1. C:Ser194 is checked against (1) open to solvent by 10 Å² or more (accessible area, probe 1.4 Å); (2) polar (S, T, N, Q); (3) under 30 Å from C:Arg241 (Cβ atoms) and fails just one. What number does that condition carry?
2. Just one of the numbered conditions (1) more than 10 Å from chain A (Cβ to nearest Cβ); (2) polar (S, T, N, Q); (3) buried (at least 24 other Cβ atoms within 10 Å of the Cβ) is not true of D:Asn186; which one?
3. Based on this model, can you work out whether D:Phe45 counts as open to solvent by less than 70 Å² (accessible area, probe 1.4 Å), away from chain C (no Cβ under 11 Å), hydrophobic (A, V, I, L, M, F, W, C) and closer than 19 Å to D:Phe283 by Cβ?
4. Give the residues of region D:105-122 that are facing chain B (nearest Cβ under 9 Å), open to solvent by less than 20 Å² (accessible area, probe 1.4 Å) and within 18 Å of D:Tyr267 (Cβ to Cβ), sorted by residue number.
5. Which condition breaks for C:Phe102 when tested against (1) in contact with a strand residue (DSSP E or B) (Cβ under 9 Å, 6 or more places away or on another chain); (2) surrounded by 21 or more Cβ atoms within 10 Å (Cβ to Cβ)?
6. Out of all the residues in region B:20-35, which are assigned to a helix (DSSP H, G or I), at the interface with chain A (Cβ under 8 Å from one of its Cβ atoms) and closer than 17 Å to B:Phe79 by Cα?
7. Six or more apart or on different chains, Cβ under 7 Å: which pairs go from a residue in region B:56-72 that's in contact (Cβ under 8 Å) with a residue 24 or more places away in the chain to one that's among the charged types (D, E, K, R)? Could you list them?
4 protein chains.
Amino acid sequence: MKKAILIIQCPDQKGIVAEVSKFLYAYEGNILEVDQHVDEQMGMFFMRAAWELDSFSLAKDEIASRFRAEVGERFKMDFKLHFNFPKPRMAIFVSKLSHCLFDILGRHHAGQLDVDIPVVVSNHQSLKEIVQAFGIPFHYIPITPETKATAETKQLELMKTNRIDFVVLGRYMQILSAEFIRHFPNRIINIHHSFLPAFVGARPYHAAYERGVKIIGATAHYVTEELDAGPIIEQEVARVRHHNTVSELVQIGQDVEKVVLSKAIKYHIDRKVMPIKNKTVIFY
Amino acid sequence: MKKAILIIQCPDQKGIVAEVSKFLYAYEGNILEVDQHVDEQMGMFFMRAAWELDSFSLAKDEIASRFRAEVGERFKMDFKLHFNFPKPRMAIFVSKLSHCLFDILGRHHAGQLDVDIPVVVSNHQSLKEIVQAFGIPFHYIPITPETKATAETKQLELMKTNRIDFVVLGRYMQILSAEFIRHFPNRIINIHHSFLPAFVGARPYHAAYERGVKIIGATAHYVTEELDAGPIIEQEVARVRHHNTVSELVQIGQDVEKVVLSKAIKYHIDRKVMPIKNKTVIFY
Amino acid sequence: MKKAILIIQCPDQKGIVAEVSKFLYAYEGNILEVDQHVDEQMGMFFMRAAWELDSFSLAKDEIASRFRAEVGERFKMDFKLHFNFPKPRMAIFVSKLSHCLFDILGRHHAGQLDVDIPVVVSNHQSLKEIVQAFGIPFHYIPITPETKATAETKQLELMKTNRIDFVVLGRYMQILSAEFIRHFPNRIINIHHSFLPAFVGARPYHAAYERGVKIIGATAHYVTEELDAGPIIEQEVARVRHHNTVSELVQIGQDVEKVVLSKAIKYHIDRKVMPIKNKTVIFY
Amino acid sequence: MKKAILIIQCPDQKGIVAEVSKFLYAYEGNILEVDQHVDEQMGMFFMRAAWELDSFSLAKDEIASRFRAEVGERFKMDFKLHFNFPKPRMAIFVSKLSHCLFDILGRHHAGQLDVDIPVVVSNHQSLKEIVQAFGIPFHYIPITPETKATAETKQLELMKTNRIDFVVLGRYMQILSAEFIRHFPNRIINIHHSFLPAFVGARPYHAAYERGVKIIGATAHYVTEELDAGPIIEQEVARVRHHNTVSELVQIGQDVEKVVLSKAIKYHIDRKVMPIKNKTVIFY
């Protein structure tokens, strides 16, 4: 089904829901989902509405300007209009660990992710064959401290050529430059293998083991220039015990990582994530 | 804050949200919460809206008739209008087990349940002192097979005298008659100590032990004439292992029971539960 | 590391742990894991011990007879001796749904399952290419009501030729005959898509939707002749809400299924599951 | 049932389990529970064994010296012998928040905590009546910055007079001095309202809100001089969403806090917690 999705934020005041729903009704929009949220502290209103496009009486390319004129300007709205077609284009960056990658490819193969995956990028060759068996092009771009800048240039070109909308780091073991990140603001999703803000940085399972926690976790977040500090999209945890070694923590944690990352990707594809400063509103 | 809460169900069609929000806006309603749900299978629309009453330009007792005239009739709505004052009046029925009762009393004492508790009814005396220490009247109504009918008559009188809105069975070990239940349709909340529909009926922890399940649970539901078959409000589970005895299952399960029951009570008080046939829509 | 694993059950009495550990110590066994369990109701004692084989002073093929003579007979033990080599040989049966299969193949590829997978059997061809990309032979054995018996004969031959130790049904949509099951007592692991004993049989997600449960689940169990009634190995659940459609339940549930099934497989491979009548002791 | 509980730690080597179980068997100990753990990194062995005392052929006050002579010295064991009688004596420190206190009192009233509670100490009077309704003496010791030292002296005297074995801080809003802590090494259990090490210090729910986490938690730990850095005994979490206000986080979190704290108390009473440096082995 062809859908339009409208994401709105504006200063909170009375009548917003009434005017937005009146607009959709006026043009015969069959509303599929509508969610709103008011942040009392910030005095801000947030809304997401999705409706069927086929029966809507405005043409696809008229909607934004009409909405701005009839509703948006009056409420000083910052809004974005999305459609669920063409599908968004997602790149996956990986290193050697396969669990997140295979999980995403499996879901995509089963038709559960409404996304195109024109490119998998890796600084290693080990996952090439299976990626290709799933019918996805695999790009090997090796990275050394010396070649890092050049490699990133190649990666960016690849993103451009493939018209990539957003990037997923599926346990990609390289830190992206601020320059790269600036090309994809709130459009790079990383999976960090701890329940942030605990255990920022490298080797969080080792840190969890040393601290003797009884629960480990994983966090999917948008990448910002500050390491592991971007807006959190999803988190999940698993129980561990004193007898679990670091390598058992790793294995238990990987099950959490892949579920968390896939949920975050799904929210992002469905335009259900709304980053606000350093947090996210998730309209699920 | 004084609130009005409107609960709507009607055949699904376009424009409902627009008209309802227009109505609230027209009378200067400051919307606090609004949720809607469409059941595609049934072709039904469900909605809950809460708004501030003080700044609303319709008088409290005008709202229902105006809403019916301006919106409700047109969409063939079945709606109910609630206010968060006076507080709903809740009776608690218990036997000997204290965990659910104490949990409710503790939350009420901490100001977390917006409800009056004019009466605790028990067929045993053992919990009397602590109930009274919380400042709640305790009524001892013993029950034997012979006196059951008389006892229920007394209970019903007590409900009437105390203008009870809804009843909570906090591990009350007697089965209520169909007659009693008819006085409180979808207004008796029971906690059953299994994840229904598994282990309906008596001694579910024993049954769980015998079956060798790895997870036990609890279910809060509205009481209907068919045992343990009413609309489910909330469920939760806990892991168990092969070495757990039945009495350990009981103890692990009680922690689940009390959390589930308190959540269900809270949803009910806040008018967030909407029973539809044998299911519930929960607007949380 | 080469390991021996001893699984014991016998009538409970004093001194068992002392004698077993004395035996292992006498032959210089470096104990890696030891767990015991007493079922008070049955008056039975259960134990699992794993130790390093390289430094053990008994030869691999002497251990069982010596243990029987020195300890086992005296305590009327029913015991089994396993080694973690050669690796057990696992067959996977699938139909069209890929989530469990891909999850198992991914873990195997990452070196997390200490098992050989000489054969994947399917009554459909759709998953062939990816299975082969993982380097696993794929056998297409179509099944119609008429050919079912013949197909099962072929499957059994395949099991025999490949010296299969145990079978995993990764959402295999055919019911195995009692004859087939008898070849693999407590050695066929099935994943059922409900938290048993709720929703036995076909279409459990539909049944869960109809009942309006707030939690769905999955159960890995050994297959016995009675449908969905065998010993439960592992269970897990996920929360759902009133707005989730049946197809959303399916998708949420699949994430649970694959984790539960993989855990059960792992326990089975590591000889941590001990089926006792219709239950399991899991020494994890 | 009268039980002896032996807690052992020593350098890891072969034969420990054999010798300990031989000792217990020699004196006709009916073993109820036995657990062991090897920390490979530290090269240390840990064990907990519980057995029936009535049928044991050594007198209660002979056990320790015999065990030392026959087993302990040989393996350089650091061991402690406990009995489940007389019951340990627990003090509870609280301020104004009642949820942890009422939860503990409710469990104690239901016979689920094998402990005596001779004293509840508070720097406020608000919870006095209900504590007393449970039959527990309540001591009001107000604290100001000026009187803090004097107040602590009074508290310590109260602990001494009541022969307190361990102290539970049930959301006690004062920081104990190093001097006080030194009297109860690994015998003061605190509940911190975050999943440590995230959100150390004051106002963790506010910090969680600001960071936009999707999961909040609680941690029970032994109090050491460094704030919120002692050995973790138990942790649990709960999901939250963008629309939850800080006060909702507080309420959701309190349900987690009380369950976590009660579990930690139970482990401590049953001598199942073994603090090792800054971590704990929990033999459950």
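1. (1)
2. In the conditions (1) more than 10 Å from chain A (Cβ to nearest Cβ); (2) polar (S, T, N, Q); (3) buried (at least 24 other Cβ atoms within 10 Å of the Cβ), D:Asn186 misses (3) alone.
3. Taking the combined requirement at face value, the residue does not satisfy it.
4. none
5. Failing condition for C:Phe102: (1).
6. Scanning region B:20-35 gives B:Ser21, B:Lys22, B:Leu24.
7. B:Phe56/B:Glu28; B:Ser57/B:Glu28; B:Leu58/B:Arg66; B:Val71/B:Glu19
To keep it simple, each residue is scored yes or no on (1) of a type in the set (A, V, I, L, M, F, W, C); (2) over 23 Å from B:His221 (Cβ atoms); (3) in the same structural domain as C:Asp165 (by TED's automatic domain parsing); (4) out of contact with any His (no Cβ under 7 Å at 6 or more places or on another chain).
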| position | (1), (2), (3), (4) |
| --- | --- |
| C:Ala207 | yes, no, yes, yes |
| C:Ile215 | yes, no, yes, yes |
| C:Glu226 | no, yes, yes, yes |
| C:Glu234 | no, yes, yes, yes |
| C:Asn244 | no, no, yes, yes |
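The values are calculated or read from the model by the stated rules, or taken from the named source; none is laboratory data. Fair warning: this is a prediction, and the values are worked out from it, not measured in the lab. Virtual Cβ from ideal backbone geometry, glycine too; neighbours counted across all protein chains shown. These area figures cover heavy atoms from the full protein model, side chains too; ligands, DNA and RNA do not enter into them. Shrake-Rupley method; radii C 1.70, N 1.55, O 1.52, S 1.80 Å.
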